[in-house]
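Q: Take this structure, written in structure tokens, and hold onto it; I'll ask about it next.
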Amino acid sequence: MEQTENLVHTIIKGIQEKKGSNIVVADLSGIDGTICHYFIICQGNSPAQVEAITESVGDMARIELKEKPAHVVGLENAQWVAMDYTDVLVHIFLPDVREYYDLEHLWDDAKLTHIPDID
């Protein structure tokens with residue numbers, strides 16, 4: 001579990017590196033039947049920023065932890081990119097798409113941690 005927590009911290013760093021905002025970490029580890037241990041949800045203000053955040057997360061995880069995502073989907077239009085690190089799923093949204101899907105509230109029983117934005 002320590003490696004998973006290190007991955008969560010590294011992903012957050014990658015998001016913050018490109019000024020991703022409204023970062024929420026949903027801890028699903030205590031919930032039966034979930035597909036992973038953590039959801040990390042954030043947003044970028046444009047498709048270009050969503051792509052930059054995706055690239056930053058991938059680079060940091062690979063360089064610092066030798067981790068690569070099993071799958072990355074959504075880059076073709078960069079409105080919602082999902083990165084699958086098996087135990088951690090990263091969701092990078094445009095603001096209106098994030099609001100529409102409202103993933104944070106799908107897991108009402110998860111512990112949600114809001115990470116302050118970096119100026």
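The values are calculated or read from the model by the stated rules, or taken from the named source; none is laboratory data. For clarity, every value in this text was computed on a predicted model and none was experimentally measured. Heads up, the Cβs are rebuilt from the backbone with ideal geometry, glycines too, and the neighbour counts pull from every protein chain shown. In case anyone asks, the SASA skips ligands and DNA or RNA and just uses the protein heavy atoms, side chains included. Shrake-Rupley method; radii C 1.70, N 1.55, O 1.52, S 1.80 Å.
Q: So, Ala61, is that one touching a helix residue (DSSP H, G or I) at 6+ places or on another chain (Cβ under 7 Å), in contact (Cβ under 8 Å) with a residue 12 or more places away in the chain, assigned to a strand (DSSP E or B) and open to solvent by less than 20 Å² (accessible area, probe 1.4 Å) or not? Talk me through it step by step, then tell me what you get.
A: Details: touching a helix residue (DSSP H, G or I) at 6+ places or on another chain (Cβ under 7 Å): yes; in contact (Cβ under 8 Å) with a residue 12 or more places away in the chain: yes; assigned to a strand (DSSP E or B): no; open to solvent by less than 20 Å² (accessible area, probe 1.4 Å): yes.
Taking the combined requirement at face value, the residue does not satisfy it.
Q: For the range 93-104, check the following and say yes or no: at least one residue is touching a Lys or Arg at 6+ places or on another chain (Cβ under 7 Å), within 19 Å of Lys18 (Cα to Cα) and of a type in the set (D, E, K, R).
A: no
Q: Follow-up question, since we're still on this one. Have a look at Glu76, Glu67 and point out the one that is under 15 Å from His9 (Cα atoms), open to solvent by 20 Å² or more (accessible area, probe 1.4 Å) and not in a helix (DSSP H, G or I).
A: Working: Glu76 fails: under 15 Å from His9 (Cα atoms).
Unique residue meeting the criteria: Glu67.
Q: Right, Asn22: open to solvent by 40 Å² or more (accessible area, probe 1.4 Å), in contact with a helix residue (DSSP H, G or I) (Cβ under 9 Å, 6 or more places away or on another chain), in a loop (DSSP other than H, G, I, E, B) and closer than 24 Å to Tyr100 by Cβ or not?
A: Judged against the criteria, Asn22 is not a match.
Q: If you go through the range 94-107 one residue at a time, do you hit one that is open to solvent by 40 Å² or more (accessible area, probe 1.4 Å), in a strand (DSSP E or B) and either of a type in the set (A, V, I, L, M, F, W, C) or on the phi > 0 side of the Ramachandran plot (or both)?
A: no
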